[in-house]
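J.: Have a look at the structure that comes next, please.
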Amino acid sequence: MADEQSPPPAPGNPDPAEVAAAAAHLRAGRLVGMPTETVYGLAANALDPAAVLAVFTAKGRPRFDPLIVHVADAEQAWTVAVPSPRALRLAAAFWPGPLTLILPRRACVPDLVTSGLDTVAVRVPDHPLALALIRAAGVPLAAPSANRFGRISPTTAAHVREQLGDAVAAILDGGPCRIGVESTVLRCDPIPIVLRPGGCTRERIAAVLQEPVALADREARAGSLALSGEAAREAPGLLASHYAPRAPLRLKSAADPWPTDPAIACLAFTGVGTGAGLAGRARTEVLSPTGDLAEAATGLFAALRRLDALQPPEIIAETVPEGDLGEAINDRLRRAAGLG
Ligand code: AMP
Ligand code: MG
């Protein structure tokens, strides 16, 4: 019988018994669905190669795509990675938070985690359940997004259950993710360069470092950085067709008209300023009526999933202004469209 004295903790508040059980699974080499502030992760003991291998297998993820190691604090981060002066400043400014740092790895990190690279990706997630789980497990957790490789990232526990329910021993339900897009992946040295735009904007990173922060993708398009071979492997987010719905997805700018065919699904930013195109239309999702990029990021993947579930012949997605979180949102939309 339920104990009326102690109602279950609200989502996001750690239930010690549930966290302890999930931590025991991790220590035994099993996988756990873990909420973070960005998206849900598929977590494994990062120091256990067999458990890490199970992550790649469950996701269908190619072994050349390295995993992010999640730790509880900076001190634990430096047990897997060697900090640099830039890293120390960024960790102090942004952890816990959606910034992943690429740093030289230490010998305890299995090759499988880094895909054989001599660097490791590390971050401290800003979510009470994730932090409680890492502390209870007592080991760093390798955790890519908890989706099948190349598909839309999960932002609720139900999304994890849908795609990877059979692969996990437990899923901790932390409610919907607050940020909604993955972490920013930053190579700190020799110059700071964003390999994947995400929840921590380049503007904020540059303000802390007091120096410009490049964007690998943009540099690649501009042809000023040869992102081939080793470098492409170093930034596997550059693979096209990531975050893909099943329906073909096409991009439009705010100025382009919406399609007239009512069967086509539409993903709009503000839903205003687009003429008559959206009025009275079914199969439409508006990310932020007020034009708030943070709100748009939070709801982006769930909206894409809802539209995809309608099995439309096509999804038309409107790109957002480029600055701030727009960089991460447009990056995900471009990849969903199969563009690099
Ligand atoms: P996910 O875990 O799905 O959010 O993806 C993690 C991403 O982090 C990878 O796809 C890479 O883009 C990036 N990453 C992880 N480790 C490294 C590394 N050692 N060097 C460069 N990028 C990395
Ligand atoms: Mg992913």
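J.: In a Debye calculation with equal point scatterers on the alpha-carbon sites of the stretch 275-340 and no solvent, what is log10 I(q)/I(0) at q = 0.22, 0.23 Å⁻¹?
T.: -1.05, -1.13
J.: On to the next question. Where does each of 140-148, 104-112, 261-269, 191-199 land if you order them by average Cβ count within 10 Å, highest first?
T.: Highest mean packing first, the order is 140-148, 191-199, 261-269, 104-112.
J.: In the chain, what percent of the accessible surface is made up of carbon and sulfur (1.4 Å probe, ligands and nucleic acids excluded)?
T.: That fraction is 57 percent.
J.: Still on this model: First measure r as the distance between the Cβ atoms of GLU162 and ASP65, then evaluate 1/(1 + (r/R0)^6) with R0 = 25 Å and state the FRET efficiency to the nearest 0.05. Walk me through the numbers before you get to the answer.
T.: On the way: r = 22 Å, r/R0 = 0.86.
Plugging the Cβ-Cβ distance into 1/(1 + (r/R0)^6) gives 0.70.
J.: Hey, another quick one. Quick one: pull the percentage of alpha-carbon pairs in the stretch 158-219 with a separation above 18 Å.
T.: Everything past 18 Å amounts to 51 percent.
J.: Between ALA263 and VAL82, how many nm apart are label points set 7 Å from Cα along the C-beta direction?
T.: With each label point 7 Å from Cα toward Cβ, the separation is 5.9 nm.
J.: Can you pull the percent of Cα pairs in the stretch 56-160 with separation above 16 Å?
T.: 58
J.: With a 1.4 Å probe and every protein chain left in place, work out the accessible area per residue of the stretch 67-122 in Å², rounded to a whole number.
T.: Result: 36 Å² per residue.
J.: For the stretch 147-154, in order, what is each residue's ³J(HN,Hα) by Karplus, 6.51 cos²θ - 1.76 cosθ + 1.60 with θ = phi - 60°, in whole Hz (x at glycine and Pro)?
T.: Once θ is set to phi - 60°, the couplings for the stretch 147-154 become 10, 5, 3, x, 9, 5, 5, x Hz.
J.: Along each of the three principal axes of the Cα atoms of the chain, give the extent in whole Å, ordering the values from largest to smallest.
T.: Cα extents, longest axis first: 62, 56, 34 Å.
J.: Over the stretch 1-132, what is the percentage of antiparallel beta bridges among all DSSP beta bridges, to the nearest 5?
T.: In the stretch 1-132, approximately 75 percent of DSSP beta bridges are antiparallel ones.
J.: Pulled fully out, how much extra length does the chain show between VAL272 and SER115, if you take 0.36 nm times their separation in residues and subtract their Cα-Cα distance?
T.: Roughly 52.0 nm would be gained on extension.
J.: Using Cα pairs under 8 angstrom and six or more residues apart, how large is the relative contact order of the chain, in percent?
T.: 19
J.: Take every DSSP beta bridge with both residues inside the chain and express the antiparallel ones as a percent of the total, to the nearest 5.
T.: 40
The values are calculated or read from the model by the stated rules, or taken from the named source; none is laboratory data. Quantities reported herein were computed from a predicted structural model and do not represent experimental measurements. Methodologically, a virtual Cβ is constructed for each residue, glycine included, from the backbone with ideal geometry; neighbour enumeration extends over all protein chains shown. With ligands, DNA and RNA removed, areas are computed over all heavy atoms of the protein, side chains included. Shrake-Rupley method; radii C 1.70, N 1.55, O 1.52, S 1.80 Å.
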